[in-house]
Amino acid sequence: MKQMNVLFVGAHPDDIETFAGGTAALYAKQGANLFFCVATNGNVGSSTLSAEKIASIRHQEAQKGAELIGARLIWLDIDDEFLIDSRETRLKFIEAFRIARPDVVFCHWIDDYNPDHSTSGKIVDDCIHMSTVPLIRTSSKICDKIPHVYYMDTIAGVNFVPEVYVDITETFDTKIKMVAQHQSQNSWMKDVFGYEMEAFLEIPAKWRGLQASCPLAEAFRPSYKWGRTFQKHYLPQG
Ligand SMILES: [Zn+2]
């Protein structure tokens, strides 16, 4: 049987690992083909380095995070904090969909705290069907179906009511390792917001686990737009 193709779309280089790293690691254990699409290049995330230098570091860190579970990185290289829903941006996303040819896609919730998060989630949900449209041309061939879309949890779960959970107890350590690859971002977040990376991951995982009756969980909600293949359950079992 053909393995599932699973595409995660994050606005920034550490978002996929932070919001769905445990779920991605479970898919990896089940043999799925994984794709991490990172929309922006993180080029404003430093108070000491140039934009080019920090973007280059973050690209390398994203590569390492994805490689830990064998995911292929798709790097869209849009300026950090300036992800605008435009024709050019949409075509970049559509090309990413066509590279991954996903059965299921994970994206940001459309009302998260950061505009890059919300905009990227909205572009995924608004444009995923366009990957099947022949006259919308990009380098790769069109997809043959519209995949199912799940929204990922928000930072600290603010403004997000989950509908489904994945038990990530067995992959939480891998999630920590994946996020730890994003060293430059973790030190930046500590300087700016004062939090420790492990607590920042552990508290939401325990809280979502409490809701889902398991030790550690990640939370999602499906998109219910027409045309999605949600008659099947695509979530991995933890
Ligand atoms: Zn982010």
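The values are calculated or read from the model by the stated rules, or taken from the named source; none is laboratory data. Just so it is clear, the model here is predicted, and its values are computed rather than measured. When we count neighbours, we look across all protein chains shown, and the Cβ atoms used for this are built from the backbone with ideal geometry, even at glycine. Quick note on the areas: whole protein, heavy atoms, side chains included, nothing else; ligands and nucleic acids left out. Shrake-Rupley method; radii C 1.70, N 1.55, O 1.52, S 1.80 Å.
Tabulated results
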item: Per residue accessible area in Å² of region 145-238, where ligands, DNA and RNA are left out and the probe is 1.4 Å; result: 53 Å²
item: Contact order normalised by residue count of region 149-238, Cα under 8 Å, 6+ apart, percent; result: 48 percent
item: Mean separation of Cα contacts under 8 Å, 6 or more apart, over the residue count of the chain: relative contact order %; result: 24 percent
item: CD proxy at 222 nm, helix term only [per DSSP H run n ≥ 4: -39500 (n - 2.57); per residue of the chain; nearest 500]; result: -13000 deg cm²/dmol
item: Using distinct alpha-carbon pairs, which all enter the 1/r mean, Kirkwood radius of the chain in Å; result: 17.7 Å
item: Computed over region 132-238, Kirkwood Rh from alpha-carbon pairs, angstrom; result: 16.3 Å
item: Nearby aspartates and glutamates by direct alpha-carbon distance to Lys64 (threshold 19 angstrom, same-chain neighbours under 8 apart not counted); result: Asp14, Asp15, Glu17, Glu52, Asp77, Asp173, Glu198
item: Val158/Arg72 FRET efficiency (R0 35 Å; Cβ-Cβ; nearest 0.05); result: 0.70
item: Calculated from backbone phi, Karplus (6.51, -1.76, 1.60) coupling profile of region 205-218 in Hz, x at Gly/Pro; result: 5, 5, 5, 5, x, 4, 5, 9, 6, 8, x, 9, 9, 10
item: Cα centroid of region 59-112 to Cα centroid of region 11-33, whole Å; result: 13 Å
item: Loop-located GluC sites (Glu not before Pro) in region 176-210 whose Cβ has at most 16 other Cβ within 10 Å (DSSP); result: Glu196
item: Calculated FRET value between Arg137 and Lys2, using beta carbons and R₀ = 41 Å, to 0.05; result: 0.95
item: Cα-centre dipole for the chain with unit charges at Cβ (Lys and Arg positive, Asp and Glu negative), debye to 20; result: 1000 debye
item: Full-extension gain in nm, Lys29 to Tyr195, via 0.36 nm per residue minus C-alpha separation; result: 56.7 nm
item: Distance in nm between pseudo-label sites at Glu88 and Trp207 (7 Å out along the Cβ direction from Cα); result: 3.8 nm
item: Of Lys2/Lys122; Lys29/Lys206; Lys92/Lys175; Lys122/Lys190; Lys2/Lys29, those spanning more than 25 Å from alpha-carbon to alpha-carbon; result: Lys2/Lys122; Lys92/Lys175; Lys122/Lys190
item: Fully extended contour minus Cα-Cα distance, from Asn114 to Val44, at 0.36 nm per residue; result: 23.8 nm
